[in-house]
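Peer 1: Here's a structure for you.
Only the coordinates and a few stated rules stand behind these numbers; no lab work does. In this text the structure is predicted, and so the values were computed from the model without any measurement. Cβ coordinates were reconstructed from backbone atoms using ideal geometry, including for glycine residues, and neighbour counts include every protein chain displayed.
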Amino acid sequence: MFDAAIIQKLNQYQTPFYYYDLDLLRESLAEVRKLASDYDFDIHYAVKANSNSRILQEICSYGLGADCVSGNEIKVALESGFEPDKVLFAGVGKSDSEIKYALEKQIKAFNCESLQEIEVINQIAQSTEQVAEIAIRINPNVDAKTHKYITTGLDENKFGVNQSDLPEVIKLVNQSKNIDLTGIHFHIGSQITDLNVFKGLCIRVNDIHQWMLEQGQVIKHINLGGGLGVEYSDPDNHSVPNFKDYFAIFDQFLERKEDQQIHFELGRSIVAQCGSLISRVLYVKPGRATNFVILDAGMTELMRPALYQSFHEIENLTSKKQPLNYDVVGPICESSDCFGKAVSLPETQRGDLIAIRSAGAYGEVMTSRYNLREQNPAIYLP
């Protein structure tokens, strides 16, 4: 990913900054679009993964829809070219003003996660003389086998309606004149690498779907969420995730009805590998227990290692010396501001250029101004 010409270009910019390989992004998008067409699946990009306007414009140009979890995400999606009828509004805590804005913009549908949310949307839609299309997000109690902070499909999680509450949901929907229930929605977590998890999801969805049909509900679309993981430890040899086997699982095990739309909301798998956080070494600090490489990027630029204890491949782009082990840390006044421990890097010195890989998802979008940090603009190549 980093040849000599790219490194020379990146070396000209003030660090830290995010670098996006647009050719790699386009390769992932082309693969997703082709497979989605083969299986007649609809793909909505999860804007929360990366809401950079240039990235959104590229994704929109490939015909994907947008999955949004806030009013501002809807706004930036529409500004980036996504059509309102391809925008879905998810999220466990939609405010009244966000619901009003979504109705005003005539988005496709709301993914609802509680009885009270359905009541509120019905009331607001009634006040504006509209009918809101909704899907019910159902908690299927499927273990995603991933980090506890990014698991969303268990009974203990805050997301979705539990299956035991579905009879009451159906009763409420039937009484709500300004609600049109057209779909069911599932999302069990993120960074899922065991595809058998999705097989288990399909089996659970089939049972819930059949129960909905028995209640007289016509389900026009099923949203299976996203969650497909990426290879953080070897990004160059796995730059495009295994979309083929991922979609094949759903094609094989999901019991799809005729003329029924199948939606996915992929985020990380589309954008993670195209982005890297580029930083420069401020200091190399010997210590009794370890040697530290102190970067000018910190948890304010990339939160994931501090928040999830996540792994990112770290590369020294400008040194070719013999490797040594370092703890790679940032300048923020928190002990959790650490990108990796005992990281093998070529012998490193002040001024070396460092790349933290696979940072295109949940990287730039989670930056903060803690310690009153400056935010440098992203760089796009080619």
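Peer 1: Which residue, chosen from S61, P84, S37, occupies the Cα position most advanced towards the positive end of the dipole of the stretch 4-146, where the dipole is computed from +1 (Lys, Arg) and -1 (Asp, Glu) charges on Cβ about the Cα centre?
Peer 2: Farthest towards the positive pole: S61.
Peer 1: For the stretch 1-55, what class follows from the C-alpha gyration tensor (a ≥ b ≥ c being the square roots of its eigenvalues): rounded when a/c is under 1.5, otherwise prolate if a/b is larger than b/c, else oblate?
Peer 2: Because a/c hits 1.5 or more and a/b fails to exceed b/c, the stretch 1-55 counts as oblate.
Peer 1: Normalising by the residue count of the stretch 23-270, find the relative contact order in percent from Cα pairs under 8 Å and 6+ residues apart.
Peer 2: Details: 459 pairs, mean separation 50.7, N = 248.
With pairs under 8 Å counted, the relative contact order is 20 percent.
Peer 1: Taking 1 over the mean of 1/r across every pair of different Cα atoms in the stretch 21-125, what Kirkwood radius in Å do you get?
Peer 2: Values: mean 1/r = 0.0697 Å⁻¹.
Hydrodynamic radius (Kirkwood, Cα only) of the stretch 21-125 equals 14.4 Å.
Peer 1: If you average the C-alpha positions of the stretch 328-358 and of the stretch 1-48 separately, how far apart do those two centres end up, in angstrom?
Peer 2: 24
Peer 1: Mind checking which of P167, Q252, T193 is farthest towards the positive end of the stretch 23-270's charge dipole, using Cβ charges of +1 (Lys, Arg) and -1 (Asp, Glu) about the Cα centre?
Peer 2: The Cα lying farthest towards the positive end belongs to P167.
Peer 1: Apply 1/(1 + (r/R0)^6) to the Cβ-Cβ distance of R54 and K257, taking R0 = 35 Å, and write down the FRET efficiency to the nearest 0.05. All intermediate terms of the calculation are to be shown ahead of the outcome.
Peer 2: Values: r = 39 Å, r/R0 = 1.10.
For R0 = 35 Å, the calculated efficiency reads 0.35.
Peer 1: Here is a follow-up. Can you compute the FRET efficiency between K177 and K75 using 1/(1 + (r/R0)^6), with r the Cβ-Cβ distance and R0 = 30 Å? Round to the nearest 0.05. Before the final figure, lay out each step's value.
Peer 2: Values: r = 29 Å, r/R0 = 0.95.
So the FRET efficiency works out to roughly 0.55.
Peer 1: Using a simple spin-label model with points 7 Å from Cα along the Cα→Cβ vector, what separation in nm is obtained for K244 and L22?
Peer 2: Result: 2.9 nm between the two label points.
Peer 1: Run the dipole for the stretch 23-270 about the Cα centre, Lys and Arg Cβ at +1, Asp and Glu Cβ at -1, nothing else charged, and hand back the magnitude in debye, nearest 20. Before the final figure, lay out each step's value.
Peer 2: Numbers: 24 positive and 38 negative charges, 46 e Å.
So the magnitude is around 220 debye.
Peer 1: Another question, if that's okay. When you have a sec, figure out the Kirkwood radius of the chain from all distinct Cα pair distances and drop it here in Å to one decimal? Before the final figure, lay out the partial values.
Peer 2: Values: mean 1/r = 0.0454 Å⁻¹.
Evaluated on the chain, it is 22.0 Å.
Peer 1: Calculate the FRET efficiency for N11 and S95 from the Cβ-Cβ distance with a Förster distance of 45 Å, rounded to the nearest 0.05. Display every interim value, and only then the final one.
Peer 2: Numbers: r = 44 Å, r/R0 = 0.98.
Once rounded, the FRET efficiency stands at 0.50.
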